[in-house]
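Written below as structure tokens is the structure these notes are about.
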Amino acid sequence: MGESIYFTDNFFSAGTTEIFNGDQEKIGSIDLKSAFSSSVDILDVQGNIVAKGSFRFLSRGWNVIDYCEQEIGKLKQRFAFFAKKFVYHSYHHGEYEIKSEAFSKEFDIFDQNGNPVAAFRKVSGFFQSPAYELNSQSTKLSKEELIAVVMGVNMIMKRNNSTGTAGGAGS
């Protein structure tokens, strides 16, 4: 697989967290706009927005937007017994399935042919707070788009936990 990148989960408060490569070099940052907005900006090292993720008003789907403010994909949760399952529809590259066992902190991302293209997992020890490690071998999805997808999975799961739902199909 490709190089791992790391970013922290800062969704309990507004603010910026850094994105690092495996050598602990800063390669960008994630900005949670406010503690109540459920949206994130992914920025490059210079502070330019390269991707965004957010829920639309009254929607359970997570929208991924590129640096030109164009929606490039949508993430939804799929109902599954004893597993966590999501589907990311990239408007340019097709559907990707995201799967994890029920109590696992590891997720795999597969393309429409069932080929693994990326994996992410919640880790501790690299940062003081919980962080995600993302490892991608995708030639089609950028690391910024994948980070927006990972943060979407995180936000959907947090939203489910706060409403007491175990899962289910999103709209």
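No lab work stands behind these numbers, since they all come straight from the coordinates. The model shown is predicted, which means the values in this text are computed figures rather than measured ones. Using ideal geometry, Cβ is built from the backbone for each residue, glycine included, and neighbour counts are taken over all protein chains shown.
Could you give the length gained on full extension between D44 and K122, defined as 0.36 nm per residue of separation minus the Cα-Cα distance, in nm?
Gain in length upon complete extension: 25.9 nm.
How do K26, K85 rank when sorted from fewest to most other Cβ atoms within 10 Å of their own Cβ?
Fewest to most other Cβ atoms nearby, the residues stand as K26, K85.
Multiply the residue separation of I27 and K105 by 0.36 nm, subtract the distance between their alpha-carbon atoms, and state the gained length in nm to one decimal.
Residue separation times 0.36 nm, minus the Cα-Cα distance, leaves 25.7 nm.
Less than 10 Å Cβ to Cβ from Y6, Lys/Arg counted +1 and Asp/Glu -1: what total charge do the surrounding residues give?
-2
Quick check: net charge around G94, other residues with Cβ under 9 Å of its Cβ, Lys/Arg +1 and Asp/Glu -1?
-1
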